[in-house]
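K.L.:
The structure's right below; bear with me while I get my questions together.
The values are calculated or read from the model by the stated rules, or taken from the named source; none is laboratory data. Worth saying up front: this structure is predicted, and the values here are computed from it rather than measured. Cβ placement follows ideal geometry from the backbone for every residue including glycine, while neighbour counts extend to all protein chains displayed. Heads up: the accessible areas ignore ligands, DNA and RNA and are worked out on the full protein's heavy atoms, side chains in. Shrake-Rupley method; radii C 1.70, N 1.55, O 1.52, S 1.80 Å.
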Amino acid sequence: MATVYLGIDVGSVSTNVVALDKQGEVLHSVYIRTHGQPIKALQDGLRQLISDLGKNIKVGGVGTTGSGRTLAAVLAGADVVKNEITAHAVASSYLVPEVQTVIEIGGQDSKIIILRNGVVTDFAMNTVCAAGTGSFLDQQAARLGIPIEEFGAKALNAKNAVRIAGRCAVFAESDMIHKQQQGHPLEDILAGLCEALVRNYLNNVGKGKEILAPIVFQGGVAANDGMRQAFSKNLGVDVIVPKYYGVMGAFGSALLAKEMYPKVSAFRGIDLTEREFSTGGFECSGCANHCEIVELKEGKKVLARWGDRCGKWSNAAAV
Amino acid sequence: MEGKKWRLGVPRALFYYYYGSWWKAFFEDLGLEVLVSPPTSKEILDMGVSLAVVEACLPVKVYYGHAAWLSERVDALFVPRLVSVERKSFICPKLMGLPDMLRTALKPCPKIIDSTINLSRNPQKGLETAVRSVARTLGFSGSKVLKAKEKAEKCYKAWLAKQREDKLTAGTTENPINIGIVGHGYLLYDRYLGMDIPHKVQKLGSRVYLPENLTDDEVEEACRVLPKRLYWTLGQKTMGAVLNFMERDDIDGIIHLTAFGCGPDSMVGELAERYARRCGKPFLLLNLDEHTGEAGLNTRLEAFVDMLTRRCSA
């Protein structure tokens, strides 16, 4: 029976599962859209993974990350729960050991991680605004009627990228429509949009950071060749897009689980894909805070609760 | 109100976190019944948000909530017009305007005691004038007021000393990292509004240092490297703490907590970050607003603590 280490990244837009073997090689990776249903996405992801790898596997350890990491940790039984920054940095420096800068643009957030000698020395994330992240590209591609997969290739064909305001997604959109109506070719507008996003990223997320090569560009948006080219052009050096750029968070948390090497994994078994899980919520009326409590249930059994400030519910339901 | 025992409401918000002990001791020594609003809760926050002007920062909105909670339970509200609490430095104008803003927002509005406190020219004289003015509104004068002031000063000093000693030292890990957390007192100590960041950081296995652990002299001394004195009292305090923590080898990183929409902090935060970056001290800026979703905040805190831990062991 082969031992595998699982990494699960439950993000706002996508849920990724990666399985590593004992040597740290990726055996399989799954990328699924979360569609606002993290439990279902996670179960689907595991199901796909198991159907490809076969049931004859032993899970040696599980790591979770992403904004849904707590939920995923309880659901799957995780040995290590880590934030996205650490997971991404670990994955990046595993694939490109001498990396000094990581640019990560995902569905709803973007981050920059500065590493020196393999250690994170600084990082920043976008603030409340999600302008300049994958969601915006998605939305614009849909508006222009081109599949997001073709976006990058089209942008590369641009002869003369037009200038588009990148500060705010709403401004960018009206600017794009304006350029469109003036008669600029689609390719030039797409390339202009990529450049605007890169400018916005470097001015906001990357503000004041010492961006040194080698630079790794990862996250779902790294699939976009137009963005890759815009970054390379703007930074004056070719950015490296690693092989597993879309699932780096999951990859990193699998590496962390492997590094931790638990004697017995907390994994709840491969049949968890077929079990009934549900979440519910209620407002606690214990005090004036009216905390919104979330509970995760398997059948009728409460697995975990969270959301309370005082610990009244979360402690009571400790698994 | 002559002869009647006053029931005075003091909102537990903004400068309560700096001078609450002074005020409470003073009024109680005068024989008043002091009612301090309960710690910030969702109810108080919601009340404040619905009453306050939209462009105010969250701490000011929370202040509205506390005042509203008190308004039906007291004879009068104590909302001093804080202009300056020390020589040549000032308090944010939004706070100076509190009494007027509350009068238009609270319906019905109880009597508001809004004596001006301005110590910018002559701290000692300014304080005496302010204290006499507050006392006069309540119907007190003479030696009784002086006695109450003395008592209040004593209580305040004792409270300051206690705060200096209060360190959030974690006993959970063997070699904890040390983090300095700076920001306005009403964010650091209001556990609901400020999302309880100091305790959160402590729970992640770190030892926490706060600006209140420093003496005024230490703050002033640290600020000497600045080309000029900061105009804002709280800005000066924040900057002094950042500069002090920055120079110390026993502090591994600094977290600056600010409220979204804070005018003074938009400048001070940038200044602090530049100084910290120049000397290579890890610095994390956290911006708080109305959202109660803590996921984003926790991610940043965890990542920061992880980073410091890995840096220290590398």
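K.L.:
Applying the selection to segment A:143-164, what residues are within 28 Å of A:K207 (Cβ to Cβ) and surrounded by 18 or more Cβ atoms within 10 Å (Cβ to Cβ)?
P.N.:
Within segment A:143-164, A:F151, A:G152, A:A155, A:A158, A:A161, A:V162, A:I164 meet the criteria.
K.L.:
Inside segment A:232-319, counting only strands (runs of 3 or more DSSP E) that do not spill past its ends, which hold 2 or more residues that are under 20 Å from A:V59 (Cα atoms), modelled with pLDDT under 85 and among the polar types (S, T, N, Q)?
P.N.:
Once the strands (runs of 3 or more DSSP E) in segment A:232-319 are filtered for at least 2 residues that are under 20 Å from A:V59 (Cα atoms), modelled with pLDDT under 85 and among the polar types (S, T, N, Q), nothing remains.
K.L.:
Same structure, new question: Taking segment A:280-297, which residues are in contact with a Lys or Arg (Cβ under 8 Å, 6 or more places away or on another chain), crowded, with 16+ Cβ neighbours inside 10 Å and away from every other protein chain (no Cβ under 14 Å)?
P.N.:
Those that are in contact with a Lys or Arg (Cβ under 8 Å, 6 or more places away or on another chain), crowded, with 16+ Cβ neighbours inside 10 Å and away from every other protein chain (no Cβ under 14 Å): A:E295, A:L296.
K.L.:
What pairs can you find where one residue is in segment A:211-227 and open to solvent by 10 Å² or more (accessible area, probe 1.4 Å), the other is among the aromatic types (F, W, Y), and their Cβ atoms are less than 6 Å apart, with a gap of 6+ or different chains?
P.N.:
Pairs that qualify, where the first residue is open to solvent by 10 Å² or more (accessible area, probe 1.4 Å) and the partner is among the aromatic types (F, W, Y), are A:N224/A:F151.
K.L.:
Go through segment B:33-54 residue by residue and tally those that are in contact with a helix residue (DSSP H, G or I) (Cβ under 7 Å, 6 or more places away or on another chain), open to solvent by less than 50 Å² (accessible area, probe 1.4 Å) and not in a strand (DSSP E or B).
P.N.:
Summing the residues that are in contact with a helix residue (DSSP H, G or I) (Cβ under 7 Å, 6 or more places away or on another chain), open to solvent by less than 50 Å² (accessible area, probe 1.4 Å) and not in a strand (DSSP E or B) in segment B:33-54 gives 7.
K.L.:
Right, something else. For segment B:208-230, enumerate the residues that are of a type outside the set (V, I, T), at pLDDT 90 or above and not in a helix (DSSP H, G or I).
P.N.:
If the condition is that a residue be of a type outside the set (V, I, T), at pLDDT 90 or above and not in a helix (DSSP H, G or I), then B:Y209, B:L210, B:L214, B:L226, B:P227 are the ones that fit.
So that you can scan it fast, the table gives a plain yes or no per residue for (1) open to solvent by less than 50 Å² (accessible area, probe 1.4 Å); (2) more than 7 Å from every other protein chain (Cβ to nearest Cβ); (3) within 22 Å of B:N244 (Cα to Cα); (4) within 22 Å of the chain's Cα centre (by Cα):
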| position | (1), (2), (3), (4) |
| --- | --- |
| B:R277 | no, no, yes, no |
| B:G280 | yes, yes, yes, no |
| B:L284 | yes, yes, yes, yes |
| B:L288 | yes, yes, no, yes |
| B:A295 | no, no, no, no |
| B:N298 | yes, yes, no, no |
| B:L301 | yes, yes, yes, yes |
| B:F304 | yes, yes, yes, no |
| B:T309 | no, yes, yes, no |
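K.L.:
Then there is this: Given the conditions (1) under 16 Å from the mean Cα position of the chain (by Cα); (2) within 14 Å of another protein chain (Cβ to nearest Cβ); (3) open to solvent by less than 20 Å² (accessible area, probe 1.4 Å), report the number of the one that B:C57 does not fulfil.
P.N.:
For B:C57, the exception is condition (2).
K.L.:
Within segment B:218-241, is even one residue more than 14 Å from chain A (Cβ to nearest Cβ), open to solvent by less than 40 Å² (accessible area, probe 1.4 Å) and within 30 Å of A:A87 (Cβ to Cβ)? Explain how you work it out, then say what you get.
P.N.:
We begin by selecting, within segment B:218-241, every residue more than 14 Å from chain A (Cβ to nearest Cβ); these are B:218-241.
Now restrict to residues that are open to solvent by less than 40 Å² (accessible area, probe 1.4 Å): B:219, B:222-223, B:226, B:230, B:233-236, B:238-241.
Those still in the list that are within 30 Å of A:A87 (Cβ to Cβ) too: none.
Within segment B:218-241 (the criterion being more than 14 Å from chain A (Cβ to nearest Cβ), open to solvent by less than 40 Å² (accessible area, probe 1.4 Å) and within 30 Å of A:A87 (Cβ to Cβ)), the answer is no, since none of the residues qualifies.
K.L.:
Please work out if A:L256 is under 28 Å from A:N16 (Cβ atoms), within 14 Å of chain B (Cβ to nearest Cβ) and buried (at least 18 other Cβ atoms within 10 Å of the Cβ).
P.N.:
Details: under 28 Å from A:N16 (Cβ atoms): yes; within 14 Å of chain B (Cβ to nearest Cβ): yes; buried (at least 18 other Cβ atoms within 10 Å of the Cβ): yes.
Answer is yes for this residue.
K.L.:
Please enumerate the residues belonging to segment A:60-118 that are part of a loop (DSSP other than H, G, I, E, B), within 19 Å of B:F283 (Cα to Cα) and away from every other protein chain (no Cβ under 14 Å).
P.N.:
A:Q100, the sole residue that qualifies.
K.L.:
Here is a further query. Here is a check on your reading of the model: is B:T258 crowded, with 22+ Cβ neighbours inside 10 Å, of a type in the set (S, T, Y) and within 13 Å of another protein chain (Cβ to nearest Cβ)?
P.N.:
Spelling it out, B:T258 is indeed crowded, with 22+ Cβ neighbours inside 10 Å, of a type in the set (S, T, Y) and within 13 Å of another protein chain (Cβ to nearest Cβ).
One line per residue, one yes/no per condition, for (1) among the hydrophobic types (A, V, I, L, M, F, W, C); (2) in contact with a strand residue (DSSP E or B) (Cβ under 8 Å, 6 or more places away or on another chain):
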site: A:I270; (1), (2): yes, yes
site: A:S278; (1), (2): no, yes
site: A:G281; (1), (2): no, yes
site: A:C287; (1), (2): yes, no
site: A:C291; (1), (2): yes, yes
site: A:E298; (1), (2): no, yes
site: A:V302; (1), (2): yes, yes
site: A:R305; (1), (2): no, yes
site: A:C310; (1), (2): yes, no
